[in-house]
Amino acid sequence: MGPVRNVEDLMAVGHGYQRAMTLFAALKLGVFRGLASGERDAPALARRVGANPGNLSILRDALALQGLVGKKGKRYRNAQVARDHLLPGPRSMESILLHHLDGWGEWGRLPATIRAGQAKRGGADGG
């Protein structure tokens with residue numbers, strides 16, 4: 001996304017966490033892996049990932065709106081981008097995306113860190 005130029009851009013930035021958390025939840029639950037072998041209906045996918053079917057339906061619909069899964073009738077399947085980049089393989093982005101989720105807490109503390117006037121520094125040398 002480029003610079004914020006209008007209210008639509010502003011709202012897209014403000015709601016960006018919702019799209020990210022939808023993706024992260026699907027990765028943590030194994031939704032894309034659950035669809036890796038092909039289409040599944042909603043109850044079968046819920047059983048496969050160990051989720052509440054009703055709650056999973058909300059996530060599935062959000063994933064479909066983002067274009068990460070497709071829906072045909074009552075069956076769901078991974079979209080091409082999910083097959084290419086969210087499943088194990090040489091082009092997988094799964095681990096780096098989950099790494100971004102691990103940093104979520106630090107980003108949530110950004111205002112407090114800025115107020116404190118001293119950033120926490122990390123890294124192998126601790127400095």
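The values are calculated or read from the model by the stated rules, or taken from the named source; none is laboratory data. Quick caveat: nothing in here was measured; it's all calculated off a predicted structure. Here the Cβ is made from the backbone with ideal geometry for all residues, glycine too, and neighbour counts use every protein chain on show. Only protein heavy atoms, including side chains, enter the accessible area calculation; ligands, DNA and RNA are left aside. Shrake-Rupley method; radii C 1.70, N 1.55, O 1.52, S 1.80 Å.
Couple of notes before you dig in:
- Value of relative contact order over the chain, rounded to a whole percent, pairs C-alpha under 8 Å and six or more apart: 20 percent
- Size descriptor, Kirkwood hydrodynamic radius, that averages inverse alpha-carbon separations across segment 35-110, Å: 13.7 Å
- Hz values of 3J(HN,Hα) by residue in segment 17-27 - Karplus curve (6.51, -1.76, 1.60), Gly and Pro given as x: 4, 5, 5, 4, 5, 4, 4, 4, 4, 4, 5
- Simple point charges give the picture: +1 on the Cβ of Lys and Arg, -1 on the Cβ of Asp and Glu, and for the chain a dipole about the Cα centre of about 420 debye.
- Solvent-free Debye scattering, log10 I(q)/I(0), computed from the Cα coordinates of the chain at q = 0.15, 0.17, 0.20, 0.23 Å⁻¹: -0.82, -0.96, -1.14, -1.33
- With every protein chain in place, segment 6-71: carbon and sulfur % of accessible area (1.4 Å): 57 percent
- The aspartates and glutamates whose alpha-carbon is closer than 15 Å to the alpha-carbon of Lys28, local same-chain residues fewer than 8 away aside, are Glu94, Asp102.
- Counting only aspartates and glutamates at least 8 places from Lys71 when in the same chain, those with an alpha carbon closer than 19 Å to its own are Glu39, Asp41, Asp61, Asp84.
- Segment 39-84 - charge dipole about Cα centre, Lys and Arg +1 at Cβ, Asp and Glu -1, debye rounded to 20: 180 debye
- Solvent exposure of the chain as accessible area per residue, Å², 1.4 Å probe: 69 Å²
- Rounded to the nearest Hz, the phi-derived 3J(HN,Hα) couplings of segment 89-96 under the Karplus curve 6.51 cos²θ - 1.76 cosθ + 1.60 (θ = phi - 60°) are x, x, 9, 5, 10, 4, 5, 5, where x marks glycine and proline.
- Alpha-carbon Rg with Dmax, taken over segment 1-49, Å: 15.7, 44
- Val69 long-range amide H proximity, modeled H, under 5 Å: Ala64, Ala79
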